[in-house]
Amino acid sequence: MTEENIENIAKKIVENNKGILAADESTNTIKKRFDSINVESNEKTRCNYRYTLFSTPEISKYISGVILFEETFSQKNSNGELLRNKLESVDCYPGIKIDQGLEEINKDSIETYTKGIETLDDRLKPFAKNGAKFTKWRAVINIGDSIPSPNCIEKNSSLLAEYALISQNNNLVPIVEPEVIMDGNHDIDKCYEVTKETLNQVFIHLKKKNVNLKGILLKPNMIVPGSKSGIELNIKEIAEKTFKCLSETVPKEVPGIVFLSGGLTSIKATMILNQINKSNNAPWNLSFSYGRALQEDALKAWAGKIENKNLVQKIFLHRARMNSLACEGKWETSLENE
């Protein structure tokens, strides 16, 4: 297989109004999702569910890449086909979640940093060799009384830059994900302030490490009030503040920004993405890298039953199409009932 340039891969992932399916839920997270539909989470059920999504006819019309959990990268379906090969066969880039979860910065703090940097280069080699085209590393920034601290933002930004450089050295596109968490009772202005500071620090560190900005994708949160604030979501205001924050922090060389949904409902995540694209002429492609916001309805329809396959795929493809339209600013409420 010819090695493809990381700049080309990054560009292709966000071209033609396509986005990313985040199917990289950890074993603990997917267990919670399966618990919600009363399905046991084991290797077989996880494989069946994910293969149902990946084998959706016409998936590549709207989805350009899929982030995989380590288990999924090596899994085979009942016919012996590797799930990652299924994606490649329908022109979807397989990617890999490569961080190793969160660790407290110190015993007295609820702030965290992301683990796994010391072993990252060695762990990346087999994925690069076996067809992965991009990687994902998530940093978590919480808002609360006197947090985030400058040290937390600095440490996570530094690790994201180190991760990005190691990924690029292995010819893999890094998805840089500094997530300012939606939980909390803060207002939208606080989210804006913290996200702006975080993104500024992330790009300071990326430049310091000489990371090729044309060969990365940024996966940020949208600027929203805290989920416990009691403040109603104002789609127009969220879109305006999100775009303003990105315009002030993200260099034009970055080919694409793929938003995370971060606890937003499926419809709200689509509405905000649509409003951002409808209202602005951005220097980067603005797309999506959604997990729950692409899968929630499909997961309920699946309910662990193979016979629900066609319905699951229809629901999943509809959600993917709605978000693809939102990348053009062409989504409308009426299209949801088609």
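Bear in mind these aren't lab numbers, they're just calculated from the coordinates by the rules spelled out. Source: prediction; values computed, not measured. For neighbour counting, all protein chains shown are included, and Cβ atoms are generated from backbone atoms with ideal geometry for every residue, glycine included.
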Work out the charge dipole of the chain with +1 on the Cβ of Lys and Arg and -1 on the Cβ of Asp and Glu about the Cα centre, then indicate which of V202, N5, P150 is farthest towards its positive end.
N5
Using the Cα centre as the reference, give the magnitude of the dipole from point charges on the C-beta atoms of the stretch 227-292 (Lys, Arg: +1; Asp, Glu: -1; all else neutral), rounded to the nearest 20 debye.
140
Set Lys and Arg Cβ to +1 and Asp and Glu Cβ to -1, take the dipole of the chain about its Cα centre, and tell me which of W331, G262, I272 lies farthest positive.
W331
Amide H to amide H, which residues 5 or more places from D183 or on other chains are under 5 Å from it, using H placed in the peptide plane?
S227
FRET efficiency for K209 and D189 from the Cβ-Cβ distance with R0 = 45 Å, rounded to 0.05, comes out at 0.90
When the Karplus curve 6.51 cos²θ - 1.76 cosθ + 1.60 is applied with θ = phi - 60°, which whole-Hz ³J(HN,Hα) does each residue of the stretch 224-239 get, with x for Gly and Pro?
10, x, x, 5, 9, 7, x, 7, 6, 6, 9, 4, 5, 5, 4, 4
Taking θ = phi - 60°, what integer Hz values does the Karplus form 6.51 cos²θ - 1.76 cosθ + 1.60 yield along the stretch 292-303, in sequence order, with x for Gly and Pro?
4, 5, 9, 9, 3, 5, 5, 4, 4, 5, 5, 6
Charges on Cβ only, +1 for Lys and Arg, -1 for Asp and Glu, centred on the Cα centroid of the chain; of A320, Y192, N308, which one is farthest towards the dipole's positive end?
N308
Only Cα pairs under 8 Å and at least 6 apart count here; give the relative contact order of the chain as a rounded whole percent.
18
Please work out the Kirkwood hydrodynamic radius for the stretch 229-338, using every pair of different C-alpha atoms, and report it in angstroms with one decimal place.
14.9
Per-residue HN-Hα couplings for the stretch 127-141 [Karplus 6.51, -1.76, 1.60; θ = phi - 60°; Hz; x = Gly/Pro]
5, 4, 5, 9, x, 5, 10, 8, 10, 9, 9, 10, 9, 10, 10
DSSP beta bridge pairing in the chain, given as percent antiparallel to the nearest 5
15
Of the candidate values [x] 28, 24, 21; [y] 59, 22, 15; [z] 33, 22, 18, the one computed for semi-axes √(5λ) of the Cα gyration tensor in Å from this structure is [x]
Quick one: putting +1 on the C-beta of Lys and Arg, -1 on the C-beta of Asp and Glu, what dipole do you get for the stretch 6-328 around its Cα centre, in Debye to the nearest 20?
1000
Taking placed amide H atoms and a strict 5 Å upper bound, the residues 5 or more places from A23 or on another chain that come that close are I67
By per-residue mean of other Cβ atoms within 10 Å, what is the highest-first order of 154-167, 322-335, 82-95?
154-167, 82-95, 322-335
